[in-house]
Structure formats: structure tokens, C-alpha cells
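S.K.: Got a structure here, written out as C-alpha cells. Questions coming.
The values are calculated or read from the model by the stated rules, or taken from the named source; none is laboratory data. Here the structure is a predicted model, which is why all the values come from computation and not from measurement. Note that we place each Cβ from the backbone using ideal geometry, even for glycine, and neighbour counts take in every protein chain shown. Note: areas computed on protein heavy atoms with side chains; ligands, DNA, RNA excluded. Shrake-Rupley method; radii C 1.70, N 1.55, O 1.52, S 1.80 Å.
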Amino acid sequence: MPIADNIYAINKDLSTSCKLIAVSKRKPSKAIIEAYKAGQRHFGENYIQELLEKKDACPSDIHWHFIGHLQRNKVKYIAPFIYLIHAVDSVKLLKEIDKEAAKNNRVISVLLQVHIAKEETKFGFDIGEITDLLLDNNELATLNNIEIKGIMAMATNTTNSDIVNQEFKQVKALYDSLNKVYPKITELSIGMSQDYKIAMQHGSTFVRLGTAIFGSRS
Ligand SMILES: *Cc1c(COP(=O)(O)O)cnc(C)c1O
């Protein structure tokens, strides 16, 4: 199906509180522009160099999300413009984002990545670490140029929906407990092409879809 048709069909499925991020990694700028013409404004990228090239080639009112693993020495390249950084997985990275945001006279919105999947390879904080960081720690109080907007997670890469369901349920419980204490925490970034319908049942506010919009990646 053409990109535009995929976007219309997905938007029909999404609740009004859930925003669609088109994950355009390893897809050319012309695919992004096709999605843009269908009204899509949130795009997600995983690689810095690729993002910088596409940003220059694409309309300026796109909201760019960085969804990949971010190295501290790369923060400076995206700090001037990034809309939301999803996968923050250390306090050191938070501090670096804060520093670069200050240099650019802006506040950068971030999500903390929570590790829920069975795979060892997935980055992120454990649930307990996030709770400690936000509820018991004043290390964050001095970081005036970041705003922690919520949490992001990836489920285990499996077709077993019971496992995915269980994992998203855990993230949602964490999100609810944080939201009670920090009303600014309003975003829950869960759901990819394979599991976004399950994620929506657990209150996802951002789904990150690549394959479902652009087709499979080479
Ligand atoms: C690639 C990627 C996606 C999109 O994956 P699809 O399965 O193509 O929808 C979503 N989130 C992250 C973090 C990714 O790296």
C-alpha cells in the first residue's frame, strides 16, 4: 500500500490521545515527504548522521524524534532542534543533554527508557532505578534545561502477545505511579509495528511505527 494509505489506516486505529511517529530510519527523504504530504508531522530517526541529512532535505516544521541509542558525544548535533529524545538511559546522558540544551537556550524534552524486555541487549533503566531517580533523588533538581516528559520502552521481540501484554502492563503501572507524583510526566512511548495495538490498550501516547508505514527495511 502507498505510504499515505498506511498513515490514514493507522490513524483510524489510534485513539485521540495517541500520536503517531513515523519511523523513517533507512528510508529516503522522498518517503518522508510522501508521508508529510499525507499530514504526518512526527518522524523518528535512530542515527545522527542520517537524521542531520534528512532534516536539511525535509520541511522545516517536522517534529524530529530521536528514538535510537544516543551517545553522549553526539548530543550536540541534535540539541539545536530535536523535538523529543526517547531513549535516555543514564544520568550522565541526562546531564549532557541539559548542558547542550543550555548552550542552545532551550529546554529539551526527554523520555527515560525503561528496560522490560527479556533480551539482554536492550538498553534502559530498570523499573527500580527510574523510581529511585525520580522519586528519591535530587540529582535532577539542578538540570534546568531538560524536561522529563515520560517513559519509553520496547517489548520483547516476540509474536507471543501474552509476553508483550505483561511487559506493557508493567510499564503502564510504572507510568501511573510516576504520573501521580509528577503531573508533568504525561507521555508513554510504547508500541512498534508488531505490537502497537497491544500498546494502545495500555495507554500508549506515542507509537513508533516504521514497517507498518514504509514497508520493510533492507
Ligand atoms: C526501528 C524502531 C522502531 C520501528 O520499528 P518497526 O518495527 O519498523 O515499526 C520503533 N522504535 C525503535 C526504538 C526503533 O529502533
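S.K.: Would you work out the charge dipole size for region 19-176 about its Cα centre, treating the Cβ of every Lys and Arg as +1 and the Cβ of every Asp and Glu as -1, and quote it to the nearest 20 debye?
M.R.: Dipole magnitude for region 19-176 comes out near 720 debye.
S.K.: Taking the full set of protein chains and a 1.4 angstrom probe, give the accessible area of R217 in square angstrom, rounded to the nearest 10.
M.R.: For R217, solvent-accessible area is about 80 Å².
S.K.: Put a dot 7 Å past each Cα toward the Cβ at I33 and E53; how far apart are the dots in nm?
M.R.: Label at E53, label at I33, 1.6 nm between them.
S.K.: Run the dipole for region 114-212 about the Cα centre, Lys and Arg Cβ at +1, Asp and Glu Cβ at -1, nothing else charged, and hand back the magnitude in debye, nearest 20.
M.R.: 420
S.K.: How many percent of the accessible area of the chain is carbon or sulfur, using a 1.4 Å probe?
M.R.: That share works out to 49 percent.
S.K.: Would you work out which of I97, Q113, P28 lies farthest towards the positive end of the dipole of the chain? Charges go on Cβ: Lys and Arg +1, Asp and Glu -1.
M.R.: Selected residue: P28.
S.K.: Still on this structure: In whole Å, what are the extents of the chain along the principal axes defined by its C-alpha atoms, from largest to smallest?
M.R.: 49, 43, 32
S.K.: Rounded to the nearest 5, what % of the DSSP beta bridges within the chain are antiparallel ones?
M.R.: Of those bridges, close to 0 percent are antiparallel.
S.K.: Charges at C-beta only: +1 for Lys and Arg, -1 for Asp and Glu. How large is the resulting dipole of region 40-129 about its Cα centre, in Debye rounded to 20?
M.R.: 280
S.K.: Straight-line reach from K99: which lysines have Cα under 19 Å away, leaving out those fewer than 8 places along the same chain?
M.R.: Leaving aside lysines fewer than 8 places away in the same chain, those within reach of K99 are K74, K76, K149.
S.K.: In deg cm²/dmol, rounded to 500, what helix-only [θ] at 222 nm does the chain give when every DSSP H run of at least 4 residues adds -39500 (n - 2.57) and the total is split over its residues?
M.R.: -11500 deg cm²/dmol
S.K.: With just the Cα atoms defining each centre, how far is region 99-175 from region 14-65? Give it in Å.
M.R.: Taking the Cα centre of region 14-65 as reference, the centre of region 99-175 is 22 Å away.
S.K.: Could you report region 113-218's accessible area per residue, 1.4 Å probe, as an integer in Å²?
M.R.: Ligands and nucleic acids excluded, the result is 50 Å² per residue.
S.K.: Which aspartates and glutamates have a Cα less than 17 Å from the Cα of K169, not counting those fewer than 8 places away in the same chain?
M.R.: Partners within reach: D126, E187, D195.
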